[in-house]
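Inspection log for the structure reproduced underneath, given as structure tokens.
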């Protein structure tokens, strides 16, 4: 069947799906001498291979048939009991099995939230910029995405309220607000404690649900850990998503949701026709891994590893990026990424092409903006490359940037750009409602 004949059988969402320009460009990064700062990948040296060999053998010997059988859609009760302990350690109280759902990684949780809450044409609020995988999941269900700018303290609560008032005047009630409050992907910023309280207050005022995506929360290297939005919630309006992909290993594809029992029940109904249940075998492995006391020691080693890599990248940027170029970047307290902003007259796509010629790659920031903005931004990953590769990569990136700045000087009529980075994050368009058809084939790049 040719593409023309196939077209008439496709759903609306399938017809609107397009190839992602970044995906096409990143086909070029497979050269052996290429260093990629693009992926959202954990370091392979963080994977607990020796522990998993021991735990997997134990699971097969002790639980063989049960571990290889179908399980309940909600998740293995034994694993959920262990997750309750992790959630209580994160400040959540009065958590029961009815509050917890095991998912096939947190990406499935995002998809389930979209399926349960979004009808075609509904509005969803998100950050500018936001995690591309979430935007794609919401857009696939027909959502209109309305962006709220960030600064160094996370989403601007005052601009969120402004956006909600504007939507109310248009007769629009958004379904939910999507946030990555800790070491946000892609910007690396953390939502301040004050803003967490402000956003919860705004959500109560406008009767808004909040989807709190927390894949990086346990990867903190400096500073104090703020309370999660879920732990501060008293109205049952926050749905918090956690993942084992960044703190254990992504290959197991395990995540979990903390929410009001009524929300969990709806997510369970949406999950049943999708996959019936998450892998029982992988859940048993995760359960016994936690019970065996492996999680926290391994996590401490991973945090130390990433903290060193973060420092190496930041030091290399300070050494090789000329302050006169007008380039700024975040200094995240945790996570896997930092965010770079070029002077406004420069385009990150042009830098990307020059960087590829010097054998270094990154993700162009425009992909994370639901309003088409961010053309002068890019995301850099520090978790996956080695420390030596990070130094070489930043040197190559600086060389590419030097060439771009030389060839494309700032317009003479433009005033000197003296804004701080936090101001640069919130500048731009009016952030109107935007429908965003996206490919979801980028998971290995943008998680």
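The values are calculated or read from the model by the stated rules, or taken from the named source; none is laboratory data. Bear in mind that the values here come from a model prediction, so they are computed numbers and not experimental data. With ideal geometry, Cβ positions are generated from the backbone for all residues, glycine too; neighbour counts draw on all protein chains shown.
Given (1) closer than 19 Å to residue 53 by Cβ; (2) surrounded by 18 or more Cβ atoms within 10 Å (Cβ to Cβ); (3) touching a residue at least 40 places away in the same chain (Cβ under 8 Å), identify the lone condition not met by residue 291.
(2)
Inspect all residues belonging to the range 216-239 and state whether any of them is under 28 Å from residue 68 (Cα atoms) and in the same structural domain as residue 56 (by TED's automatic domain parsing).
The answer is no, given that none of the residues of the range 216-239 is under 28 Å from residue 68 (Cα atoms) and in the same structural domain as residue 56 (by TED's automatic domain parsing).
In the range 359-399, how many are surrounded by 19 or more Cβ atoms within 10 Å (Cβ to Cβ) and free of Cβ contacts under 8 Å to residues at least 60 places away in the same chain?
Count: 3.
Test residue 338 against the stated conditions and say whether it is modelled with pLDDT of 95 or more, surrounded by 18 or more Cβ atoms within 10 Å (Cβ to Cβ) and part of a strand (DSSP E or B).
Spelling it out, residue 338 is indeed modelled with pLDDT of 95 or more, surrounded by 18 or more Cβ atoms within 10 Å (Cβ to Cβ) and part of a strand (DSSP E or B).
Which count do you get for residues in the range 47-84 that are more than 21 Å from residue 268 (Cα to Cα) and loosely packed, with under 13 Cβ neighbours inside 10 Å?
Residues flagged as more than 21 Å from residue 268 (Cα to Cα) and loosely packed, with under 13 Cβ neighbours inside 10 Å within the range 47-84 amount to 8.
Residue 159 versus (1) closer than 15 Å to residue 371 by Cβ; (2) surrounded by 23 or more Cβ atoms within 10 Å (Cβ to Cβ); (3) at pLDDT 95 or above: which is the lone unmet condition?
(2)
So is residue 208 more than 12 Å from the chain's Cα centre (by Cα), crowded, with 22+ Cβ neighbours inside 10 Å and on the phi < 0 side of the Ramachandran plot or not?
Answer is no for this residue.
Kindly check whether there is at least one residue in the range 312-335 that is over 30 Å from residue 408 (Cα atoms), free of Cβ contacts under 8 Å to residues at least 60 places away in the same chain and out of contact with any strand residue (DSSP E or B) (no Cβ under 9 Å at 6 or more places or on another chain).
Taking every residue of the range 312-335 in turn, none turns out to be over 30 Å from residue 408 (Cα atoms), free of Cβ contacts under 8 Å to residues at least 60 places away in the same chain and out of contact with any strand residue (DSSP E or B) (no Cβ under 9 Å at 6 or more places or on another chain).
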